[in-house]
Amino acid sequence: MSTRTRTADTARTADTVPEIEISGLHKSFGDNHVLRGIDLEIGTGEVVCVIGPSGSGKSTLLRCVNLLEEPTGGRVVVGGTELTDPDVDIDAVRRRIGMVFQQFNLFPHLTVTENLTLPQRRVLRRDKAEAARVAAENLQRVGLAEKADAYPSSLSGGQQQRVAIARALAMGPSVMLFDEPTSALDPELVGDVLAVMRMLADEGMTMMVVTHEMTFAREVADRVVFMDGGVVVEDGTPGQVIGSPAHERTRHFLSRLL
Ligand code: ADP
Ligand code: MG
């Protein structure tokens, strides 16, 4: 069971400024019209799980939220900054947004600590001592303090993914995006990664999580969004979307997972 209490503590009212605001978002790759008008608001501290069949546009949606892909149309606003403004400082926006991928993308020739300090020094211009301090603090958070001097190849997939999460956290993001963070892991390693994500949720991090882990979605998400064919088909509480889906497409998708 989740130990989260913040949903009740921090009732999100309509006048709360959303941390992420997506409106009328379209994305095409050539003739392939992948996102067909996405409207989504995510409040500060909210955890939203995005589910849906392969090819429905989940990764493209996340990638539009940190401008790894440029939207074809519509607006994306993160922390009050409009990403779709042509004059936006993309680097400044990306610093606010941590992203964790299915593949961990650690530098194999660097130690765990060096993997965490490099982006802090390059992007945030932190000095060596400060970067090392923040690295140690975040390795501690994901339970890997003792792996500080190890190389990624000596770690399990689950440990590597926790390092990737720590690396993103070391940048001090206000939003974390996860794209199927446990899909590449052996089943016995999934739990440790989900536990770290659950801790972040409990701490109040704003999170968008693409996942097929329905137990995680049910227990940790404030909302579940079901996407199909580049649109949001359903958006509601886990109880609504997973427990009693209103749409046949959602029911069909869930029946194949369970
Ligand atoms: P999902 O994550 O839900 O499986 P994706 O967002 O990865 O879906 O992909 C949705 C569609 O967009 C697919 O048809 C895919 O081929 C296409 N697509 C994704 N990224 C690119 C890209 N960089 N270039 C061309 N097509 C892409
Ligand atoms: Mg994907």
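The values are calculated or read from the model by the stated rules, or taken from the named source; none is laboratory data. Nothing here was measured: the structure is a model prediction, and the numbers come from that model. Note: ideal-geometry Cβ built from the backbone for every residue, glycine included; neighbour counts use all protein chains shown. Heavy atoms of the whole protein, side chains included, go into the accessibility calculation; ligands, DNA and RNA do not. Shrake-Rupley method; radii C 1.70, N 1.55, O 1.52, S 1.80 Å.
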Enumerate the pairs (first residue in region 210-223 and closer than 20 Å to LEU185 by Cα and in a loop (DSSP other than H, G, I, E, B); second residue anywhere and within 16 Å of ligand 1 (Cβ to nearest atom) and open to solvent by less than 60 Å² (accessible area, probe 1.4 Å)) with beta-carbon separation below 6 Å, excluding pairs fewer than 6 apart on the same chain, so at least 6 apart or on different chains.
-> THR211/CYS49
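Where in region 83-193 are the helices (runs of 4 or more DSSP H), entirely inside, with at least 1 residues that are in contact with a Phe, Trp or Tyr (Cβ under 8 Å, 6 or more places away or on another chain) and surrounded by 20 or more Cβ atoms within 10 Å (Cβ to Cβ)?
Correct list: 112-124, 157-169.
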Please name all residue pairs, on different chains or six or more residues apart, with Cβ atoms under 6 Å, provided the first residue is in region 34-56 and is among the charged types (D, E, K, R) and the second residue is within 13 Å of ligand 2 (Cβ to nearest atom) and in a loop (DSSP other than H, G, I, E, B).
-> ARG36/GLY230
Count, please, the residues in region 179-232 that happen to be within 16 Å of ligand 1 (Cβ to nearest atom) and under 14 Å from GLN161 (Cα atoms).
-> 6
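Picking from HIS212, HIS247, HIS252, which residue would you name as being under 12 Å from ILE51 (Cα atoms) and open to solvent by 50 Å² or more (accessible area, probe 1.4 Å)?
Values: HIS247 fails: under 12 Å from ILE51 (Cα atoms); HIS252 fails: under 12 Å from ILE51 (Cα atoms).
Testing whether each residue is under 12 Å from ILE51 (Cα atoms) and open to solvent by 50 Å² or more (accessible area, probe 1.4 Å) leaves just HIS212.
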Go through (1) within 16 Å of ligand 2 (Cβ to nearest atom); (2) more than 23 Å from LEU257 (Cα to Cα) and name the single condition SER156 misses.
-> (1)
Do any strands (runs of 3 or more DSSP E) entirely within region 1-72 hold 1 or more residues that are in contact with a Gly (Cβ under 8 Å, 6 or more places away or on another chain) and at pLDDT 95 or above, and if so, which?
-> 18-29, 32-43
For VAL241, indicate whether it is under 24 Å from GLY37 (Cβ atoms), in a helix (DSSP H, G or I) and of a type in the set (Val, Ile, Thr).
-> yes
Taking the residues in region 65-82 that are away from ligand 1 (no atom under 16 Å from the Cβ) and of a type outside the set (A, V, I, L, M) as candidates, determine which candidate is surrounded by the most Cβ atoms within 10 Å (Cβ to Cβ).
-> GLY79
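Can you name the residue in region 37-49 that is crowded, with 16+ Cβ neighbours inside 10 Å and away from ligand 2 (no atom under 16 Å from the Cβ) and, of all such residues, is farthest from ASP202 (Cα to Cα)? Walk me through how you get there before you give the answer.
Our first condition is that a residue be crowded, with 16+ Cβ neighbours inside 10 Å; within region 37-49, this holds for 38, 40-49.
Checking the rest, the ones that are also away from ligand 2 (no atom under 16 Å from the Cβ) come to 40-47.
On the way: LEU40: 22, GLU41: 20, ILE42: 16, GLY43: 15, THR44: 13, GLY45: 9, GLU46: 10, VAL47: 10 Å.
Among them, the one singled out is LEU40.
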